[in-house]
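The values are calculated or read from the model by the stated rules, or taken from the named source; none is laboratory data. It should be emphasised that the depicted structure is a prediction, and the values quoted were computed from it without experimental measurement. With ideal geometry, Cβ positions are generated from the backbone for all residues, glycine too; neighbour counts draw on all protein chains shown. Note: accessible area is taken over every heavy atom of the protein model, side chains too, but ligands, DNA and RNA are not part of it. Shrake-Rupley method; radii C 1.70, N 1.55, O 1.52, S 1.80 Å.
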Amino acid sequence: MSVSSNTMRVATGLLVAVAIAGASALDFGSARSVVDAFSATCDSLTTLTLANGRITSASLVSLGSFTPPGAAGRAGASSPYGALPSFCRVAATLTPTADSDIKIEVWLPASDWNGKLQAVGNGGWAGTISYGALASALAQGYATVSTDTGHSTPGAAFAMNHPEKMVDYAHRAVHEMTVQAKVLVAAFYGSAPKLSMWNGCSTGGRQGVIEASTYPADYDAIIAGATPVTTPRLHGVRLQFNRMVHRTADSYIPPDKYPAIHEAALQACDGLDGVKDGVIDSPNQCTFDPKVLACSGADQPTCLTPAQVETARAMYGPVKDPKTGATLSFPMYHPGSELGWATLAGPQPYAIALEAFRYVVFNDPAWDPVSMNPTTDIPRLEHQAAGLEPPSADLKPFFSRGGKLLLYHGWADQQVAPLNSITYFGDVLKASGKSAAGKSIALYLVPGMGHCQGGAGTDSFDRVAAIEEWIRTGTAPAQIIASHRAGGTTDRTRPLCQYPMVAKYTGSGSTDDAANFACAAR
């Protein structure tokens, strides 16, 4: 009795997938020994059996025809998805526990696959597939995957009285997604990805560093931006920070005063790097005192009242427990960040942080942050949401396999203090060995950049190309060329340097051209 070609393709693809699921991320030699010329068709992937999950759909998407779920209109040339090549779109639901409901999507190029897998991260409390990031990875030839982390609702309400869903969000969903994505890649192409990469910022950065420490065999290369490393403590600090801003009736600084404070900070520190360009290059070296803006007469948008002067000063200082005086965190903001202060210092507490206490600590949607006791409540969140941070800064298991970790952070980040990444970088070197710097881990700080992107700094740079170069050469790039765009046109380029190096002007040529800067010690 003859066996159909399609059956042979599915069977062989499944054999490869099973072999790869049990192989390490960097050593697929044994798995590849079963690979032959057969691979699965897209629609036949629905017949694959996944451990702790099931494939719910698999269909071929034609050139430029993809529209994200819920998006209005049709795909076309003007759509950000309009130029996407044809790909096999696979959706699956993973259930590692009885309370798990993890949705994932795996996109597989129908042709011209570069042989690699790029997983993409989430933001905030997640709850959605990252379609834009999937599209970016697919357009570069990668097979790519994303997850909603186990829930499809906004905010943290999913976590209330559901500890297993909290574990899924914290780290398990990403790991399970990674395992099954490799199975699907192997089944579809008949071979394992020759490189598995993680790419995420903010929550995606947190997901990346947890992968490196908790599941060191999942990825060969990890890009982690604006990483809230100690997320539970950060949530508590964000609430206390907002309470400090509103400590009295006249201490709040309205946003219409931010431009004056920002301009004063630039006047004090913009030229410290030898170039006046509207960006403070090393804000941690700036000693700007907002008292220079103290009102000499009537209150107005260009000056600060006495209480507002103290608030502005506190913006740049460590966050403290108002009852004990104990330091809760390093500074959240540095000079140059003023235009983004409304995120954490606005009229209301930061919603993402507030929901952590309402749904994870107190199980009460009506919990009032006014009642927060930092001395006791922050440790409670750290205990109940321990999975939201890496268990250790020791990344030797990840590095020993050849793993690469590229960290980046904007100095003007309005959500996650850049000292999160700087401190974590130092902790990793202390735990894993200083020799890892430049070989296994590198940090790039971006002057003037906000949270993941935006701001006056050169916020556009190819992180994926940088880590690919690193993998090829074995050494992290000494510099990454970044650009700033205005009105659709690039108006400035600068090198981003490996921390603790900084970009210094060579003294001649345009200060808007990266070629006229060199990375040097501060």
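Scanning the range 366-387 for residues that are among the aliphatic types (A, V, I, L, M) and open to solvent by 60 Å² or more (accessible area, probe 1.4 Å) gives Ala366, Val370. Remark: Tyr131 matches the filter, which requires a residue to be of a type outside the set (A, V, I, L, M) and touching a strand residue (DSSP E or B) at 6+ places or on another chain (Cβ under 9 Å).
Leu272 fulfils the conditions (1) within 30 Å of Asp512 (Cβ to Cβ); (2) modelled with pLDDT of 95 or more except for a single criterion, (2). On inspection, Gly340 passes the criterion of being under 22 Å from the mean Cα position of the chain (by Cα) and in contact (Cβ under 8 Å) with a residue 40 or more places away in the chain.
This table checks each residue for (1) among the aliphatic types (A, V, I, L, M); (2) farther than 28 Å from His162 by Cα; (3) open to solvent by 20 Å² or more (accessible area, probe 1.4 Å).
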| site | (1), (2), (3) |
| --- | --- |
| Ala71 | yes, yes, yes |
| Ser86 | no, yes, yes |
| Thr93 | no, no, no |
| Pro96 | no, no, yes |
| Val106 | yes, no, no |
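I'd like to verify a number: residues in the range 413-436 that are farther than 22 Å from His484 by Cα and touching a strand residue (DSSP E or B) at 6+ places or on another chain (Cβ under 8 Å), how many?
Of all residues in the range 413-436, those farther than 22 Å from His484 by Cα come to 419-436.
Right, trim to touching a strand residue (DSSP E or B) at 6+ places or on another chain (Cβ under 8 Å) and you get 420-422, 424-425, 428-429, 432.
Residues that pass the stated criteria total 8.
When the range 301-318 is filtered for residues that are open to solvent by 20 Å² or more (accessible area, probe 1.4 Å) and out of contact with any Ser or Thr (no Cβ under 8 Å at 6 or more places or on another chain), the ones remaining, listed by number, are Pro301, Thr302, Thr305, Pro306, Arg313, Ala314, Tyr316.
Residue-by-condition table, conditions (1) of a type in the set (Asp, Glu); (2) assigned to a loop (DSSP other than H, G, I, E, B); (3) open to solvent by less than 20 Å² (accessible area, probe 1.4 Å); (4) touching a residue at least 40 places away in the same chain (Cβ under 8 Å):
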| residue | (1), (2), (3), (4) |
| --- | --- |
| Glu355 | yes, no, no, yes |
| Ala417 | no, yes, yes, yes |
| Asn420 | no, no, yes, yes |
| Phe425 | no, no, yes, yes |
| Leu429 | no, no, no, no |
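Counting the residues of the range 461-470 that are part of a helix (DSSP H, G or I) and open to solvent by 30 Å² or more (accessible area, probe 1.4 Å) gives 3.
Every residue, every condition in (1) open to solvent by 30 Å² or more (accessible area, probe 1.4 Å); (2) touching a Ser or Thr at 6+ places or on another chain (Cβ under 9 Å), yes or no:
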{"position": "Val446", "(1), (2)": "no, yes"}
{"position": "Gln453", "(1), (2)": "yes, yes"}
{"position": "Asp459", "(1), (2)": "yes, yes"}
{"position": "Arg472", "(1), (2)": "yes, no"}
{"position": "Ile481", "(1), (2)": "yes, yes"}
{"position": "Thr493", "(1), (2)": "yes, yes"}
{"position": "Thr506", "(1), (2)": "yes, no"}
{"position": "Thr511", "(1), (2)": "yes, no"}
{"position": "Ala514", "(1), (2)": "no, yes"}
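Considering only residues that are among the aliphatic types (A, V, I, L, M) and within 14 Å of Thr147 (Cβ to Cβ), which ones fall in the range 178-211? If the condition is that a residue be among the aliphatic types (A, V, I, L, M) and within 14 Å of Thr147 (Cβ to Cβ), then Val179, Ala181, Leu184, Ile210 are the ones that fit.
Of the residues making up the range 324-332, one or more are of a type in the set (A, V, I, L, M), closer than 30 Å to Thr511 by Cα and under 23 Å from the mean Cα position of the chain (by Cα).
Among the candidates Arg522, Arg485, the residue that is part of a loop (DSSP other than H, G, I, E, B), loosely packed, with under 14 Cβ neighbours inside 10 Å, in contact with a strand residue (DSSP E or B) (Cβ under 8 Å, 6 or more places away or on another chain) and in contact (Cβ under 8 Å) with a residue 24 or more places away in the chain is uniquely Arg522.
Thr214 meets each of the listed conditions (1) of a type outside the set (Gly, Ala, Ser); (2) farther than 27 Å from Ala412 by Cβ; (3) buried (at least 23 other Cβ atoms within 10 Å of the Cβ) apart from (3). Of all the criteria given as (1) free of Cβ contacts under 8 Å to residues at least 24 places away in the same chain; (2) in a loop (DSSP other than H, G, I, E, B), the one not satisfied by Gln348 is (1). Only residues that are open to solvent by less than 70 Å² (accessible area, probe 1.4 Å), in a helix (DSSP H, G or I) and of a type in the set (Asp, Glu) were counted across the range 242-300, and they come to 2. With respect to the stated conditions, Ala133 fails to be open to solvent by 30 Å² or more (accessible area, probe 1.4 Å), over 16 Å from Val174 (Cβ atoms), outside any strand (DSSP E or B) and touching a helix residue (DSSP H, G or I) at 6+ places or on another chain (Cβ under 9 Å).
Restricting attention to the range 495-504 and to residues that are in contact (Cβ under 8 Å) with a residue 24 or more places away in the chain and not hydrophobic (A, V, I, L, M, F, W, C), the residue that is least open to solvent (accessible area, probe 1.4 Å) turns out to be Pro495.
For the range 319-332, which positions are in contact with a Phe, Trp or Tyr (Cβ under 6 Å, 6 or more places away or on another chain) and either crowded, with 24+ Cβ neighbours inside 10 Å or not in a loop (DSSP other than H, G, I, E, B) (or both)?
Scanning the range 319-332 gives Val319, Met332.
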